[in-house]
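Visitor: Dropping the structure in here first, questions after.
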Amino acid sequence: MLETATARTVMHSGGVTIDLRAEPGRTIGLLGSLGGGLTRLGLSLLAEPSQRAPVAVVDVRGWLSPLAAFESGIDPERLVIVRNTERQQWPQVVAALLEGLQAVYAEVPVGVPEAHLRRLSALARARRGALLLRPLDSKLPSGVSHLTLQSERVVWEGAESGHGRLRRRHLHMRAWGKGAGGTERLYEVEDDGENAMRVVAGVVASPAGRAAG
């Protein structure tokens, strides 16, 4: 059984540690379809570093609400939102932010070459910055991420037959990569609208062939 935790803590399960914090020099990949809870998860991972220094969000779709970031626990005085819809400029924008900020959550436009993503991951390591990548096509090249989190399923609690008040959202996630100890893990994150997103259950899956990411 997985220890109850927020999405900003270290998780332990079956002797394997999965660090869900936005750690200096690390890249985390967030994969999955739109509406899968990944934006909320990514913003919550910026909350802890925002208590120490400014953080940035690169909004490719042009819809991110600052209120959503504040509700995820990010310090309002330390949030920079950059709206960038130009794929050609995107790598330079993210690189500039990594040069000066502690943590960056960036949506990745469709069609960004793999070489750019690898260079940004290397820059994050060199500058000791945390980089959270949310590709809109749900694809990242192998080896870019220290930890990859993929949204598998979303279950809403509280609405029956289209009626009622939504109380909680349960995100069924899959994790792999060096940050997951080289073993693919399945776990569930509970989101009730508060700052904390709690990990409530987890099981060991079969070893992942893509764990090198």
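Visitor: For E152 and R119 in the same chain, what is the full-extension length gain: residue separation times 0.36 nm, less their Cα-Cα distance, in nm?
Guide: Roughly 9.1 nm would be gained on extension.
Visitor: Right, something else. Please tell me the relative contact order of segment 8-149 in percent, rounded to the nearest whole number, where contacts are Cα pairs under 8 Å and at least six residues apart.
Guide: Value for segment 8-149: 35 percent.
Visitor: Probe of 1.4 angstrom, ligands and nucleic acids ignored: what's the accessible area per residue over segment 23-132, in square angstrom?
Guide: For segment 23-132, the solvent-accessible area averages 43 Å² per residue.
Visitor: Also, quick follow-up: Could you tell me what percent of the accessible area of segment 16-107 is made up of carbon and sulfur, with a 1.4 Å probe and every protein chain present?
Guide: The nonpolar share, carbon plus sulfur, comes to 51 percent.
Visitor: Using a 1.4 Å probe on the protein heavy atoms only, what accessible surface does R87 show? Give it in Å² to the nearest 10.
Guide: 110
Visitor: Which distance in nm do the two modelled labels at E71 and R83 give, with both placed 7 Å along the Cα-to-Cβ direction?
Guide: So the label points at E71 and R83 sit 1.9 nm apart.
Visitor: Provide the FRET efficiency to the nearest 0.05 for the Q51-L186 pair, computing r from the beta carbons and using R0 = 35 Å.
Guide: After rounding to 0.05, the efficiency reads 0.70.
The values are calculated or read from the model by the stated rules, or taken from the named source; none is laboratory data. Please read these numbers as outputs of a predicted model, since none were measured by experiment. Don't worry about glycine lacking a Cβ; one is built from the backbone with ideal geometry, like all the others, and counts go over all protein chains shown. Heavy atoms of the whole protein, side chains included, go into the accessibility calculation; ligands, DNA and RNA do not. Shrake-Rupley method; radii C 1.70, N 1.55, O 1.52, S 1.80 Å.
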